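The values are calculated or read from the model by the stated rules, or taken from the named source; none is laboratory data. If you're wondering where the values come from, they're calculated on a predicted model, not measured in any experiment. No Cβ is skipped: glycine too gets one built from the backbone with ideal geometry, and neighbour counts run over all protein chains shown.
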Amino acid sequence: MYWTKSLIPTMKETPDGAEIPSHILMLRAGLIAQVMAGAYSYLPLGLRSLHKATAIVREEMNRAGAIELLMSAMCPMSLYEQTGRVEAFGDVLVKAVLPRGGKKVPIVFCPTHEEVITDIVSRFVSSYRQLPVALYQIQTKFRNEERPRFGVLRTSEFIMKDAYSFHTTLESLNETYNKMYEAYSQIFSRCGLPFLPVEAESGPIGGDASHEFMILSKNGEDKIVHCEACGYAANTEKAEIGETAVASLDPATFKGIAELDTPGAHTIEQVCKFLKAKPERLIKTLIYLADGKPVAVLVRGDHDANENKIRKVLGVDKIELADPETIENVTGAPVGFAGPIGMALTISFYADHQVMGVLNAIVGANKAEKHLVNINPGRDFVPDKVADFRNAVAGDACPRCGKTMQIREAIEVGHVFKLGTKYSESLNAKFLDADETLKTIIMGCYGIGVNRIIAGLVETSHDESGIIWPVNLAPYEVVVCPMKVDDERMMTLARKLHDELESRGIDCMVDDRDQRAGVKFKDADLIGFPLRIVIGEKGLASGEIELKWRWEKQSEMLSIDGAVERIAEMLDQERKSGERFRKSRAAT
Ligand code: ATP
Ligand code: MG
């Protein structure tokens, strides 16, 4: 390709509204252009990288034994009604009503395809002989994200590789799940991403039933818990907490209870400010509906309650924060003043381990605008059960090895999930087993955000000059820069190198713009071509070209004779191993 024939609108300035490196650099390098909030066009260079990521994903899916198909991006709303996901997705679901022959047909632009694929399988699979099967597609998804931001990391329309597997037994599901997990590791390694698989909330099938593939990055919107000592990693919703010492309280230090007026102090922050106390001295009392029945859960003021943990410990199906009316009935006070002592109704209450170590605590008084101080667990209240009810925080003990865990920000690029029978139940996907009985198909689902591979790479691999691509994702692997485009000898050599490299399957861009060297080098670094070849006056005289890797400081001179073979060899090696790229990244 020749620069002057393509469309590469590079920019010097940081574009308005772009805050994080991947967004800024993808716009500045001319990879994408914004259409509206949450929607981007891929310009020629961006599309090439996207296609390369797609090709890697497809290759590894095929290798793992998944079969490609393509489903319609839209489907009748009724499919989503059958699985209850019109409600579950809420405003995120992109809907429309199509006028058709005098009728109105409600449709959905699919945010994911469990419904459509399960419907297909329910129609065409009926016997155990047809199972297991794993099907996938690479296609646009629609989600009306509440706050689309950060460029293509979170958009209203994005490309997902979504795979679904169908099984007669859990063992068979586990086998495919493990293959997918391996394929994902392979995909993200080949893409040069520093990924970390983390345990995620697993839904109906307990145990190790879900993993998210995360890229550690300070601009990530997800928080994960990580133990560097043993490698345990989980998202904060799932993370277990190891045994953390709880201070045993000395009754000699207990003070007498007092009721204080706290006008206008409804939140933890306001109470802390009003009473000049740290949040660790507060105990939050949360009223939940556990399968519809009100219960109270106590956590320390600086901790967040974890609904999944509550649901599991209480052994209920559904847990949700109570509505204001219920809270007022239960506590006898307006929202914001619940506490463990003196509630209007007697309900079960549960406390997190750490609550039991708060000395002379501050709690809501179950009266409007009032709090109690010097409350001591054990003396003043005894919970029905003490357990782990909160999200992990930095410094908590690792559940596996007991060492200290860290909290890190991360970007989710992929997700593998053992679904069980949630969709096959509601869409009636059954099979006749060898014993002639009708059984429900067991499912797994596996997603990758292809755009996030690109954005995640740029986010984690750049310097002050621009993007640093691994050869496997670079829009072009080589940029050839003739220093003077009106020098016919230089242009002849540039064209020759281009044709010979291309004929060996190497993606080559010739910067044939009539521009100063400084401009060409700046743009080459901004876009981040892995290999830069410079054809200059001096080199031409001595029969050499200059070769430089994007991430290395030093360049080397290469004899023009045999240069193409040498470059092809190096690139071939780098495509397979990614070693040079990885070494350079590890050094930063
Ligand atoms: P998130 O928590 O970031 O909203 P999710 O858990 O809802 O993502 P999944 O339903 O698991 O996403 O979708 C599979 C993959 O699709 C995700 O791992 C992610 O890489 C990608 N993805 C999801 N939502 C978006 C989006 N709005 N823009 C770009 N990629 C997305
Ligand atoms: Mg997910």
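The helices (runs of 4 or more DSSP H) located wholly in segment 488-550 that include 3 or more residues which are in contact with a Pro (Cβ under 9 Å, 6 or more places away or on another chain) occupy 488-503.
Only one residue in I138, I120, I159 is buried (at least 20 other Cβ atoms within 10 Å of the Cβ), on the phi < 0 side of the Ramachandran plot and aliphatic (A, V, I, L, M), so which one is that?
Values: I138 fails: buried (at least 20 other Cβ atoms within 10 Å of the Cβ); I120 fails: buried (at least 20 other Cβ atoms within 10 Å of the Cβ).
None of the others qualify; the one that does is I159.
Looking at V471, V480, just one residue is crowded, with 17+ Cβ neighbours inside 10 Å, in a strand (DSSP E or B) and of a type outside the set (G, A, S), and that residue is V480.
Only one of the numbered conditions (1) touching a strand residue (DSSP E or B) at 6+ places or on another chain (Cβ under 7 Å); (2) at pLDDT 95 or above; (3) farther than 23 Å from L135 by Cα is not met by A394, and that is (2). Show the residue pairs that are 6+ apart or on different chains and have beta-carbon atoms under 6 Å apart, the first residue being within segment 127-148 and closer than 25 Å to C75 by Cα, the second being of a type in the set (V, I, T) and within 16 Å of ligand 1 (Cβ to nearest atom). Listed pairs, sorted by first residue: I138/T54; T140/I159; F142/V94; R143/V92; N144/V92; N144/V94; P148/T155. Regarding segment 163-182, can at least one residue be identified that is surrounded by 23 or more Cβ atoms within 10 Å (Cβ to Cβ), within 14 Å of G447 (Cβ to Cβ) and within 13 Å of ligand 2 (Cβ to nearest atom)? Within segment 163-182 (the criterion being surrounded by 23 or more Cβ atoms within 10 Å (Cβ to Cβ), within 14 Å of G447 (Cβ to Cβ) and within 13 Å of ligand 2 (Cβ to nearest atom)), the answer is no, since none of the residues qualifies.
Scan segment 407-414 and give yes if some residue there is of a type outside the set (K, R) and more than 16 Å from ligand 1 (Cβ to nearest atom), otherwise no. Yes, the conditions are met somewhere in segment 407-414.
Summed over segment 372-414, the residues that are in a strand (DSSP E or B), in contact with a Phe, Trp or Tyr (Cβ under 9 Å, 6 or more places away or on another chain) and more than 16 Å from ligand 2 (Cβ to nearest atom) give a count of 6.
All told, R390 meets the bar of being buried (at least 16 other Cβ atoms within 10 Å of the Cβ), among the charged types (D, E, K, R) and either more than 30 Å from T176 (Cα to Cα) or over 37 Å from the mean Cα position of the chain (by Cα) (or both). One residue stands out in segment 230-248 among those that are more than 13 Å from D396 (Cβ to Cβ) and at pLDDT 90 or above: the one that is surrounded by the fewest Cβ atoms within 10 Å (Cβ to Cβ), namely G231.
How do the strands (runs of 3 or more DSSP E) wholly within segment 177-279 filter down when requiring 3 or more residues that are on the phi > 0 side of the Ramachandran plot, in contact with a strand residue (DSSP E or B) (Cβ under 7 Å, 6 or more places away or on another chain) and of a type in the set (D, E, K, R): which remain? Once the strands (runs of 3 or more DSSP E) in segment 177-279 are filtered for at least 3 residues that are on the phi > 0 side of the Ramachandran plot, in contact with a strand residue (DSSP E or B) (Cβ under 7 Å, 6 or more places away or on another chain) and of a type in the set (D, E, K, R), nothing remains. Condition first: hydroxyl-bearing (S, T, Y), out of contact with any His (no Cβ under 9 Å at 6 or more places or on another chain) and within 11 Å of ligand 1 (Cβ to nearest atom). Can you find one or more residues in segment 147-162 that meet it? Yes, that holds for at least one residue.
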